[in-house]
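What follows is calculated from the coordinates using simple rules that are stated; it is not laboratory data. Treat the numbers as computed from the prediction; the structure is a model and nothing was measured. Cβ atoms come from the backbone with ideal geometry, glycine included; neighbour counts cover every protein chain shown.
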Amino acid sequence: MTSDQLGLFATPGPTLPEGFRYRADVITPAEERALLERIPTLPLKEFEFHGFTGKRRTVSYGWRYEFGEERLHKANDIPEFLLGARDKAAAFAGLEPEALQHVLVTEYAEGAGIGWHRDKAVFGDVVGISLLSDCTFRLRRRAGEKWERVNLTAEPRSAYLLSGPSRTEWEHSIPGVDTLRYSITFRNLKER
Ligand SMILES: O=C(O)CCC(=O)C(=O)O
């Protein structure tokens, strides 16, 4: 993706939040196809938050964040078929693959999105790989009475990194997607 496609430098626009990185084509079309053959067979469950279910479905590996209890639980091991994507995500982010101990696979049916949030503080960096279709990835941060905002398109097979201020000061969200999208987000854990 060029800076023009990001819409960042037209008449001078915002720059990417510090600690945020984006790269297109982090995985190949063949790798994407292989992931998409396996992911729909995973035990994806409607995301539940304090008794409300969302339109997206998720499954966690390595660790699972229990929103009701606000803590992590050990989850099933990361399936072998996700380890190649984890290697790519780690290389992109400059991390050791083994450091990315938590994996969340998310399915966004048409119209499903995710509201404004910062990831839970038990997690450190977040590396997300997008599959199958585009989404608008939105970031915002309070700037006095206003919000500072940056939007970009996360393309299939791309990766983004949330670290530093983009992780701790900025919120992110994805508006309802036009067509089925999957993401694989990898997280390391903060020292406990
Ligand atoms: O689907 C994505 O890329 C974003 C996922 C996300 O924001 C989250 O799981 O907290």
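When a footprinting reagent is the concern and you count Cβ atoms within 10 Å, what order do Arg64, Arg187, Arg57 take, fewest first?
Lowest count first: Arg64, Arg57, Arg187.
Could you list Phe20, Phe47 in order of exposure, starting from the residue whose Cβ has the fewest other Cβ atoms within 10 Å?
On the way: Phe20 21, Phe47 18.
Fewest to most other Cβ atoms nearby, the residues stand as Phe47, Phe20.
Place the peptides 85-98, 124-137 in order of packing, highest mean first, counting for every residue the other Cβ atoms within 10 Å and averaging per peptide.
So the order, starting with the most tightly packed, is 124-137, 85-98.
Show me, bin by bin at 10 Å from 0, the whole-percent P(r) of the chain based on Cα pairs.
In whole percents, the pair-distance histogram is 9, 37, 40, 13, 2.
Once both labels are modelled 7 Å past Cα along the beta-carbon direction, what's the Lys55-Arg118 spacing in nm?
Going from the Lys55 label point to the Arg118 one covers 2.8 nm.
Placing +1 at every Lys and Arg Cβ and -1 at every Asp and Glu Cβ, with all other atoms neutral, what dipole size does segment 68-192 have around its Cα centre, in debye to the nearest 20?
Working: 18 positive and 19 negative charges, 83 e Å.
My answer is approximately 400 debye.
According to the square roots a ≥ b ≥ c of the eigenvalues of the Cα gyration tensor, what is the shape class of segment 26-136, taking rounded for a/c under 1.5, prolate for a/b larger than b/c otherwise, and oblate for the remainder?
It comes out oblate by the Cα gyration axes.
Name the shape class, rounded, prolate or oblate, that the alpha-carbon gyration tensor gives for segment 80-169, where a ≥ b ≥ c are the square roots of its eigenvalues, rounded holds for a/c under 1.5, and otherwise prolate holds if a/b is larger than b/c and oblate otherwise.
Oblate, since a/c reaches 1.5 and b/c is not below a/b.
Charges on Cβ only, +1 for Lys and Arg, -1 for Asp and Glu, centred on the Cα centroid of the chain; of Val177, Leu139, Ala85, which one is farthest towards the dipole's positive end?
Final value for the positive-end residue is Leu139.
Under a 10 Å cutoff between Cα atoms, tell me which one of Trp147, Trp116, Trp170 has the largest fluctuation in the Gaussian network model of the chain.
Of the options given, Trp147 has the highest mean-square fluctuation.
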